[in-house]
Amino acid sequence: MHPFDVIMLNMSSYAEWLHGVNNRNYHVLDELVRSSDVRSILAVDYPPLTFKRALRNYKENVLMSLPEGKVRYRSLTERLTEISDKLSVYSNCTFYKSPERFMQRIKAVAERLEFRDMVVWSFFPPAMKHTGSLGQRLTVFDAVDNWAEHSSYRQFVPMLKENYTYIKEKADIIFTVADELQKLIDNQPNAYWIPNGVDLAHYQTPRRLINRDIADIPRPIVGYIGIIQDRVDVDMIVELARMNPNKSFVMVGPVWSDRDKQRLETQENIHVLGYKSYDEAPAYIQQFDVALIPHKTSPFITSTNPMKVYEYLACGKPVVASRQSGAEMFEDAVYLASDAAEFHSSIGRALAEDSSEKQLMRRDAVREYSWSNTVSQMLMIVKKKLTY
């Protein structure tokens, strides 16, 4: 089979990835760039849903040039950058005004790049019902979570439900990160559960240079890494810190709410270290004695498959995670808890039971989930569908 071209509709901007943002979308794109099955990729930056986001896209993605690549085209509202012979990045600020016009521009760019045998591969639900005009041979949708249950998209729920209906009816292939997401698309035969992955070498290479902000913190360290937003049970973390005054609770990541930040910082044994990039993340996780996934139970959380559980386990760390948080697939390698009392006892057990044998077992638990293996599974399904 001849290599095919990919138009990828992203849930982030390429510039965000260059500045250390890390998600499934990034890793899938990175693997497709490496794959001999793919000839060229047009990566489309996160299409703005509001005027406010359009202004941000303009400043970050149109006005500012990427540190790598060559600008091939730029206008007031859009930019096309050639990153390599295989990858081009396109940003456009106008989706919120006219999705149809936005798609026309993407099609024109694909024609300019001489794309053929196209696959549209989307991580962005709001655009799906407008993708039928792109001229693709195949439409792939990758469901990372249920956007209709996400607090950031409450005002767009009717539009999102409309798009999920379109996905169920029109997408040729649907990948889901969580088994729970199969219900979102009615368990259709063209839906495949492909959970997340991990860059094993990135997390398992020992990091010797440790920043003082964590090196000086008293042990044992009970740590969390990620964005601290409404899915994170901040009240429970504060309660756990009070129950464990001899342990340090380390929160690595930006805190969205000022109230949450204040709550965390008033507790003496909670240390809020702020945002750390993907490159820095392993050095911090490797300093944890126990790693946490303290997520509140909600319809949104049950549709997720947190990448951090793979990253924690790749580092060999004991993990205590909320039930129904997406960590259940590793139930033999993690401690599952429902409330502060269970988290408290599980943290104690995790510290007492840890051993080199258990660390090896945890690393083995995620060995098959490299991003290379994950995307190879996806490509097998795509290639099979293209040959029909």
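The values are calculated or read from the model by the stated rules, or taken from the named source; none is laboratory data. The model shown is predicted, which means the values in this text are computed figures rather than measured ones. Neighbour counts run over all protein chains shown; Cβ positions are idealised from the backbone, glycine included. Ligands, DNA and RNA are excluded from the accessible area calculation, which covers all protein heavy atoms including side chains. Shrake-Rupley method; radii C 1.70, N 1.55, O 1.52, S 1.80 Å.
Which shape class, rounded, prolate or oblate, goes with the chain when its Cα gyration tensor gives a ≥ b ≥ c as root eigenvalues, a/c under 1.5 marks rounded, and past that a/b bigger than b/c marks prolate? It comes out prolate by the Cα gyration axes. Solvent-accessible surface of the chain, taken per residue with a 1.4 Å probe and all protein chains present: 44 Å². Once you reduce the stretch 1-51 and the stretch 136-176 to the center of their Cα atoms, the two points are 17 Å from each other. Here the extension length gained between GLU162 and GLN377 equals 74.5 nm, from 0.36 nm per residue of separation less the Cα-Cα distance. Sequentially through the stretch 235-240, phi angles give Karplus couplings (6.51, -1.76, 1.60; θ = phi - 60°) of 4, 5, 4, 4, 4, 5 Hz, Gly and Pro residues having no value and appearing as x. Among the listed pairs LYS86/LYS107; LYS168/LYS385; LYS86/LYS276, a Cα-Cα separation exceeding 19 Å is found for LYS86/LYS276. Of all the options ARG24, ARG116, ARG259, the one that moves most in a Gaussian network model of the chain with Cα springs shorter than 10 angstrom is ARG259.
Carbon-plus-sulfur accessible fraction, the stretch 291-363 (probe radius 1.4 Å, protein heavy atoms only): 48%.
Annotation: for a label point projected 7 angstrom from Cα along Cα→Cβ of GLU100, residues of the stretch 107-128 with backbone N closer than 17 Å are 107-108, 127-128.
Shown for the stretch 141-280: the carbon plus sulfur share of the solvent-accessible area, taken with all protein chains present and a 1.4 angstrom probe, equals 47%. Averaged over residues, the count of other Cβ atoms within 10 Å places the peptides 35-48, 90-103 in the sequence 35-48, 90-103, highest first. Sequence-ordered 3J(HN,Hα) estimates for the stretch 368-373 from the Karplus curve with 6.51, -1.76 and 1.60 and θ = phi - 60° stand at 6, 9, 5, 4, 4, 5 Hz, glycine and proline given as x.
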